[in-house]
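Please read the structure below before turning to the comments.
The values are calculated or read from the model by the stated rules, or taken from the named source; none is laboratory data. Worth saying up front: this structure is predicted, and the values here are computed from it rather than measured. When we count neighbours, we look across all protein chains shown, and the Cβ atoms used for this are built from the backbone with ideal geometry, even at glycine.
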Amino acid sequence: MSWWSRRKANRSAVDALSIASSAKPADRNESGSGSRRSHGIEFLFQHLRDARNLNILDLGMLSQETTAQFGELGHHLHFASLLTGYDEARPGLVGQDGEVTRRASDRFIRQYLDFAPRSFHAVLAWDVLQQLDRSAMQSAITHLERIVLPNAVMFCIFQEPDEDGTISILDGVVSSHTSLKLLEVGRRRPRQVLTPRDLEFEFPQFRSVHFFLKRDALLEVLVLS
């Protein structure tokens with residue numbers, strides 16, 4: 001696995017990290033739970049090293065294992081199950097044209113990301129952003145930019161659809177400082193399919209976007225504020 005990044009002009013660059021370039025594809029066990037080396041998670045923990053009492057926002061489901069990994073370093077994990085809430089609320093957000101408007105998206109996102117400005121040092125976004133409508137994803141990114149601190153890091157996963165046009169709905173767990181476990185809890189057609197080129201332009205207020213090139217359908221993305 002290799003990596004490349006997009007850095008915006010006139011902002012200081014992050015420290016270069018030594019990332020291995022020969023990682024194996026993800027292994028899956030018979031229960032459907034994937035255990036994989038994650039260079040994105042490794043990057044995140046290196047970025048947070050030598051610090052204590054940091055606030056981490058997890059947009060996935062509550063996980064004791066993830067909580068323990070950050071807790072042993074003295075960090076505090078906060079959960080906001082954004083995708084579950086969005087799937088439930090979406091029928092009421094769709095307008096007469098079948099689209100979710102930015103105004104409706106902002107109203108919904110504020111309910112889930114109603115935190116004080118500059119509250120978080122890191123965000124675990126997992127695969128959530130890809131499964132929002134575009135207006136909701138853009139609203140979420142805008143709100144996330146507001147609530148993270150300077151030099152914060154956000155970990156995301158984006159997927160390529162399979163031949164049937166679906167992607168996995170993933171329940172992600174941070175299992176170590178260099179790995180994660182992914183449980184497929186369902187499949188769906190993604191509300192968006194985003195290439196690395198597309199993603200370069202989806203975080204306009206953030207400092208840099210880093211892509212960990214992949215051998216499977218999962219693309220790990222790190223965004224720094």
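Tabulated values for the structure
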| read-out | value |
| --- | --- |
| Subset of segment 17-57 (residues that are over 19 Å from the mean Cα position of the chain (by Cα), surrounded by 13 or more Cβ atoms within 10 Å (Cβ to Cβ) and at pLDDT 85 or above) | none |
| Identity of the residue in segment 133-169, part of a helix (DSSP H, G or I) and among the polar types (S, T, N, Q), that ends up farthest from SER105 (Cα to Cα) | THR142 |
| Enumeration of residues in segment 186-211 that are hydroxyl-bearing (Ser, Thr, Tyr) and within 15 Å of ILE157 (Cβ to Cβ) | THR195 |
| Residue satisfying all of: in segment 142-172; crowded, with 21+ Cβ neighbours inside 10 Å and among the β-branched types (Val, Ile, Thr); nearest to ARG191 (Cα to Cα) among these | ILE167 |
| Residue in segment 174-225 that is surrounded by the most Cβ atoms within 10 Å (Cβ to Cβ), counting only those that are over 27 Å from GLU163 (Cα atoms), out of contact with any Phe, Trp or Tyr (no Cβ under 7 Å at 6 or more places or on another chain) and not hydrophobic (A, V, I, L, M, F, W, C) | SER175 |
| Residue in segment 183-193 that is within 13 Å of GLU220 (Cα to Cα) and in contact with an Asp or Glu (Cβ under 9 Å, 6 or more places away or on another chain) present | no |
| Single unsatisfied condition, VAL223 versus (1) hydrophobic (A, V, I, L, M, F, W, C); (2) modelled with pLDDT under 95; (3) closer than 25 Å to HIS143 by Cβ | (2) |
